[in-house]
1. When the scattering of segment 61-374 is computed by the Debye formula from its Cα atoms alone, each counted once and equally, what is log10 I(q)/I(0) at q = 0.11, 0.14 Å⁻¹?
2. Residues with amide H under 5 Å of ALA74's amide H, sequence separation 5 or more or different chain, H placed in the peptide plane at 1.01 Å from N; which?
3. Based on the mean of other beta carbon atoms within 10 Å per residue, what is the order of 208-218, 146-156, most packed first?
4. What net charge is computed for the residues neighbouring PRO92, neighbours being all others with C-beta under 11 Å from the C-beta of PRO92, Lys and Arg scored +1, Asp and Glu -1?
5. Which entries of LYS258/LYS287; LYS244/LYS308; LYS254/LYS287 have Cα-Cα distances beyond 32 Å here?
6. If you plug each phi of segment 194-202 into the Karplus form 6.51 cos²θ - 1.76 cosθ + 1.60 with θ = phi - 60°, what whole-Hz ³J(HN,Hα) values come out, in order, with x for Gly and Pro?
7. Let me check against my output: what whole-number percent is the relative contact order of segment 61-374, with C-alpha pairs under 8 Å and at least 6 apart?
Amino acid sequence: MEDTAEDSLIPGLPEDIASQCLARVPLTSLWGVCKRWQEMVDKSEEFHFARSERGKTEMKWLYTLVRTKEGRFAWNAFDPLNERWHALPDMPETVDFQLTSPGSIGMSHAVQCVSTRNKLVMVAGLKSAQGAGGSQSWSQLEPALQQPWVFDPKIRQWKKGQDFSTPRKWCVCGVSGDKVYVASGSGQQWDMGLSRTTEMYDIDADSWAILPDLESSKFSGEAISAVNVEGNLHIVSGRGVFMKEGAVFCPVSKKWSKMRPGLKRGWTMNCVSVNNRFFAIDEALGKLSTYDADTDSWKIVLENPQLKDMTNVVTSDGLICGLIDPATANPEADGCTLRIVDVTVDPPVSFTHTVPQGRVVSLQILAKMNMTFLLKDVNEVAACEASVCQVELVATSADEHVGTAG
C-alpha cells in the first residue's frame, strides 16, 4: 500500500529517499513541523543511523539520579525536544546511598557514574556499614555496589555487571572507547595495594581486565572523574595548587605517565573535556578557563556569576552542564537548578533549567531512551482489550441466536 501525500515524509519522494534527505537537516528544524517528522525523529532507528553515517550527532538526553524528599533514589531522563521528563525503571536493588557523614561537617560523598555513547553505568558510592550506628564516621561507610549497574536506554533495562574484584569507594572512574576504567580508591578499609590498582570493564563482554598500577596512592581519598582528551584519561589528586599528583593513562599502550606541569598546576577546579579541549570551571569565582597545550598554560574565556557553585559537571556536543551546589541552595526547595554553558560560540553563553524531581546526585548525558517499548506495551494492552470486546460481542450474538432459535 503506497503512502498518500498526506502520509508521506516529503510528497512525491519514496520514504527511504525522503528519510535520507531529512537526515541532513538539524533536529531542531524538524521537530514540531508535522506529526510524521516528529514520529521519525522520536522513533526511527533508520533515520538516526542515516544521521550518524553523515557525522551528525545523535540526539542526547540528560539523565539525573535524584534523591526525593522521601529519601528514595531514582533516575529520570530529560527529552530536550519534547521538554519532558521520563522516569527510568527501578535500579537492580534499593540502596540507601550515604551522601554525607554526619560526624564530619561539610563532607559530602558522590555516587560515581559514567556514560558511554549508549550506556549508563553506576560505578561506586557509599552506604552505612552493617551494624554501624546513626552517626557514622568515614571508616564506618562501606562500598555500596558489589558490581557495576548498567542501563541500556535502547531496551530500557538495567543489568548487574560482573562483580568487582574488590568493591570500591572514593575511586577514579572514566570512559574511553566505550570501556569503563576504574582505579585507586578504598575498599571497606584503606589498603595501599588497592589504592594503586587499575581495571578496565568491557560492557559488551561483561568482563574485567587488570591493568598496570598507578605510581602513587594519592588518588584514593576522593571521588575522581577521569577526563578523556584524545582518548587518554587524565586525573589529578586534589584541587589545590601544591602537593598534588597528576597522571595520564593511555588505553592503547596501557601505560600511566606523568601529567604536564602546567596542566596539573592550573587544574584546581572542576575540569571537563569539550571537543578534545580541557575546560575548567572555578565555581567560587564564576570563571571558565581553557587549557592551551602549546604554552602549557590556562586562560580565562568567560566570567559569569551563573557559573558559581556548579558541581557534577558533564559535557556533550559543545555543552557544559552542571548543578548549582545543593549545599548553597534552599534546603526546602523542590528541585535543583542546572547550568548549561555553550562553549562552541565566542564568547561562551550560559542558560538555566530546573530539575523538579528532587536533589540531583549525579548527571549524565547519553543516547535518548527508546520510548517505543512503552508504546508497544500500550498497543498490546489495547489489542487485548479489543480482543476481549470482540469475544464478548461474539458471545452475545451467539446467546441472542440461541434465544431466538429457542
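Taken together, the values in this text are just the output of simple stated rules run on the coordinates, not laboratory data. Please read these numbers as outputs of a predicted model, since none were measured by experiment. Using ideal geometry, Cβ is built from the backbone for each residue, glycine included, and neighbour counts are taken over all protein chains shown.
1. So the normalised log intensities are -0.67, -1.16.
2. VAL66, THR68
3. Answer by packing, highest mean first, reads 146-156, 208-218.
4. On the way: positive: LYS159, LYS160; negative: ASP90, GLU93.
Summing Lys/Arg as +1 and Asp/Glu as -1 gives 0.
5. Beyond 32 Å between Cα atoms: LYS254/LYS287.
6. So the Karplus estimates, Gly and Pro as x, are 5, 5, 10, 7, 9, 9, 10, 10, 8 Hz.
7. On the way: 757 pairs, mean separation 46.5, N = 314.
Dividing the mean separation by the residue count of segment 61-374 yields 15 percent.
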